[in-house]
Amino acid sequence: MMLKSYSKRVFRAECNPQFASLHCIASLDQDVSEALPYLNAVLGGFEYLKDPPAVMFRSRGRLITVHGREIAINALQGEEEADKILEWLRREINQAWEKRAEITPSTEGAPKPQLLEILKLLPRTNCRECGEATCMVFAARAAEGVKGAADCPPLPADAGKRLADYLGRFHLDG
Ligand code: SF4
């Protein structure tokens, strides 16, 4: 087993203590750097940094970064959620390492959705019904996996399906 234990710290962002969501930093007792290209290959990180190695994932609006000795997670609702994600990552890291002989390691980030491609599919009226200031801001949030077709109320069903199909190609919520 590569990753056996860690200690975590859950806190509110100092820049905005009023902000509802929490951050979590887990300090890993073992160095998992060597497992990161295998983890990236299995889970499809959207960004991979080579030196020092780190892989980033998005899941339901949260940003998760796995470094050799640390895991950072933002936009959490509570400590229980942090525990679930950390235990899931521990399993995934250990499985990827144990099965590394069967996995082709990857140090590349997954392809990213193009902002203009998303924007082309939106009504582009800047009506703000989605809660964003403009359709461009909505497109940026959609590219991050935070917003989807269902979050734009005036979007016609056919355009919504095209947008969902386009975003679905990038496994943003994997
Ligand atoms: S609800 Fe749709 S059309 Fe209105 S601003 Fe948001 S993305 Fe644009």
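The values are calculated or read from the model by the stated rules, or taken from the named source; none is laboratory data. It should be emphasised that the depicted structure is a prediction, and the values quoted were computed from it without experimental measurement. When we count neighbours, we look across all protein chains shown, and the Cβ atoms used for this are built from the backbone with ideal geometry, even at glycine.
Against the list (1) within 26 Å of Lys147 (Cα to Cα); (2) without any contact (Cβ under 8 Å) to a residue 24 or more places away in the chain, the condition Glu79 fails is (2). Taken over the range 133-150, the criterion of being over 13 Å from Leu119 (Cβ atoms) and buried (at least 16 other Cβ atoms within 10 Å of the Cβ) is satisfied by Gly145, Val146, Gly148, Ala149.
The set of residues from the range 10-25 being modelled with pLDDT under 85 and surrounded by 13 or more Cβ atoms within 10 Å (Cβ to Cβ) comprises Ala13, Ser21.
Would you confirm whether or not the range 164-174 contains a residue that is crowded, with 16+ Cβ neighbours inside 10 Å, assigned to a helix (DSSP H, G or I) and either away from the ligand (no atom under 11 Å from the Cβ) or under 16 Å from the mean Cα position of the chain (by Cα) (or both)? Yes: the range 164-174 contains one or more residues that are crowded, with 16+ Cβ neighbours inside 10 Å, assigned to a helix (DSSP H, G or I) and either away from the ligand (no atom under 11 Å from the Cβ) or under 16 Å from the mean Cα position of the chain (by Cα) (or both).
In summary, Ile64 fulfils each of the numbered conditions (1) out of contact with any Lys or Arg (no Cβ under 8 Å at 6 or more places or on another chain); (2) without any contact (Cβ under 8 Å) to a residue 60 or more places away in the chain; (3) away from the ligand (no atom under 16 Å from the Cβ) with the single exception of condition (1). Output yes when any residue across the range 124-136 is over 20 Å from Ser59 (Cα atoms), more than 9 Å from the ligand (Cβ to nearest atom) and hydrophobic (A, V, I, L, M, F, W, C), and no when none is. No, because not a single residue in the range 124-136 is over 20 Å from Ser59 (Cα atoms), more than 9 Å from the ligand (Cβ to nearest atom) and hydrophobic (A, V, I, L, M, F, W, C).
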